[in-house]
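Accompanying notes for the structure given below.
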Amino acid sequence: MKNKADLIVGIQWGDEGKGKIVDMLAQNYDVVCRSQGGHNAGHTIWVDGVRYALHLMPSGVLNKDAINIIGNGVVLSPKSLIEEMQQFADLEGRLFISDKAHLNLPYHSLIDQAREKLKGENAIGTTGKGIGPAYASKINRIGNRAGELLEPQKLCDSLMQTFTFEQTLYQALGIKTPSREELLQELEGYKNKLAPFITNTTTLVWQSLDAGKKILLEGAQGTMLDIDHGTYPYVTSSNTVSAGACCGLGLNPKDIGDVTGIVKAYCTRVGNGAFPSEDFGKDGKMMAEIGKEVGTTTGRIRRCGWFDAVSVRYASRLNGCDKFALMKLDVLDGFERIKICSAYEYKGEIIDFVPSDLENVKPIYEEMKGWDSVVGISDFESLPEAAKEYIWRIEELTQTKVGIISTSPERNDTIIL
Ligand code: GDP
Ligand code: IMO
Ligand code: MG
């Protein structure tokens, strides 16, 4: 049978715990790939009390035997990646960057931040990392790709030309572009650090598949932040759903194998936009405190609320999930009652689907009994009965099996079913 690539995808608004699961699974994979997003992602991994925060680096990097690929669909900030690479000594031969990945350069961040400021209370609440402007350059066909870093003079000419064309925009936003000398120096610096890693990753992924290697695709952000299927315009600028991974790596849909959706046992969102099951009271505060819900990339406090079975079922279908990994179950320890949003009220009717104007729904809840503690439990039978009931109800409402349950940030505190 043809070898396939397994996929990990965020099901809610990001920060579900993808990093932990990719790191854990990566111990048994040969290749780990990122296919979209950029350094807006923040994937936290804890191993034996040591914390790693990854942004562009695939979360397979802690498995010394795995190779890591940054695919063509990623927008690559050379500056951010070079900083991140300093945590790891031995990357040559096990990190590969697509020569087709578009560059996310400092001026993209300046545009992102200036636009957000101008929008005032309508701001998206972006990470300010230049993601939207970098993808816009790509779609506008004025972008530059990682392969061009190998010829800094030429890349510099191209960028100086773009700066001239886009002058009106930069002036309106109050952005100062670098001089040719400054820019060239910056680009030479990137080339010196990144040249050994830039290659044709499309063929590398194909060769790995054909050689029977085990490949894991690591999603960034979450389904509800997808540019097409999320809560537009309060979304990120890439296709975060499983289908996006094909375009972002040069795979075809038949190359995708098992799809695991990563889902928090409750729900969080950072930035603005609809969040029907958000809890503004003490329960939401408790989730934020116990769950340490502070953004890995921007340090912002995440908004918290109850598990939204309607949007999770939608996301499961969009991604073709074979199973879920249910994360952070321990954060609900000690809650007397736990709510699940099982339907929405929308224009005077009860609905069980996600409308394109999600900001206009009201959540309808059912309540379940809480439990004392699940922290660190690593076998299903040892879970309190109420926790098992909660998991079974989630499976029922979302029509998706839970195959992995996570009970602490540590790699080994995980139940595999
Ligand atoms: P990602 O962006 O999906 O990789 O998720 P983040 O790393 O941004 O956020 C998830 C946070 O939850 C990280 O700080 C993880 O260390 C932590 N985490 C992951 N799984 C668990 C869990 O089961 N329990 C608890 N308490 N924390 C977890
Ligand atoms: P990981 O991979 C959570 C959010 C931002 C903002 C919106 C647009 O760690 O799950 P952007 O900078 O992408 O233009 O911001 O998307 N966002 C994330 N939220 N987790 C992420 O990544 C996110 N990446 C972007 O907060 O609301
Ligand atoms: Mg994150």
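The values are calculated or read from the model by the stated rules, or taken from the named source; none is laboratory data. All of these numbers come straight from a predicted model, not from anything done at the bench. Please note: Cβ atoms are built from the backbone with ideal geometry, for glycine as well, and neighbour counts cover all protein chains shown.
Okay, here's what the table says:
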item: Flag for Ile404 being in a helix (DSSP H, G or I), touching a residue at least 60 places away in the same chain (Cβ under 8 Å), under 28 Å from the mean Cα position of the chain (by Cα) and away from ligand 3 (no atom under 16 Å from the Cβ); result: no
item: Per-region count, segment 8-45, residues within 11 Å of ligand 2 (Cβ to nearest atom) and of a type in the set (Lys, Arg); result: 2
item: Residues of segment 46-58 satisfying the condition of being outside any strand (DSSP E or B), more than 27 Å from Asp210 (Cβ to Cβ) and within 11 Å of ligand 2 (Cβ to nearest atom); result: His55
item: The lone exception for Arg180 - which of (1) closer than 19 Å to Leu318 by Cα; (2) surrounded by fewer than 22 Cβ atoms within 10 Å (Cβ to Cβ); (3) touching a Cys at 6+ places or on another chain (Cβ under 9 Å) it fails; result: (1)
item: Residue in segment 12-45 that is nearest to Thr201 (Cα to Cα), counting only those that are in a loop (DSSP other than H, G, I, E, B) and more than 13 Å from ligand 3 (Cβ to nearest atom); result: Ser35
item: Unique match (being within 16 Å of ligand 1 (Cβ to nearest atom) and under 27 Å from Asn68 (Cα atoms)) among Ile256, Ile262, Ile290, Ile301; result: Ile262
item: Selected residue [at pLDDT 95 or above, surrounded by fewer than 17 Cβ atoms within 10 Å (Cβ to Cβ) and more than 16 Å from the chain's Cα centre (by Cα)] from Lys285, Lys214; result: Lys285
item: Segment 286-336 - residue that is more than 16 Å from ligand 3 (Cβ to nearest atom) and among the β-branched types (Val, Ile, Thr) and, of those, nearest to Met224 (Cα to Cα); result: Val312
item: Single residue of Ala53, Ala66, Ala89 found to be surrounded by fewer than 18 Cβ atoms within 10 Å (Cβ to Cβ) and touching a residue at least 24 places away in the same chain (Cβ under 8 Å); result: Ala53
item: Members of segment 270-290 that are within 13 Å of Phe307 (Cβ to Cβ) and assigned to a loop (DSSP other than H, G, I, E, B); result: Phe275, Pro276, Ser277, Asp279
item: All positions within segment 381-401 that are polar (S, T, N, Q), surrounded by 19 or more Cβ atoms within 10 Å (Cβ to Cβ) and part of a loop (DSSP other than H, G, I, E, B); result: Thr400
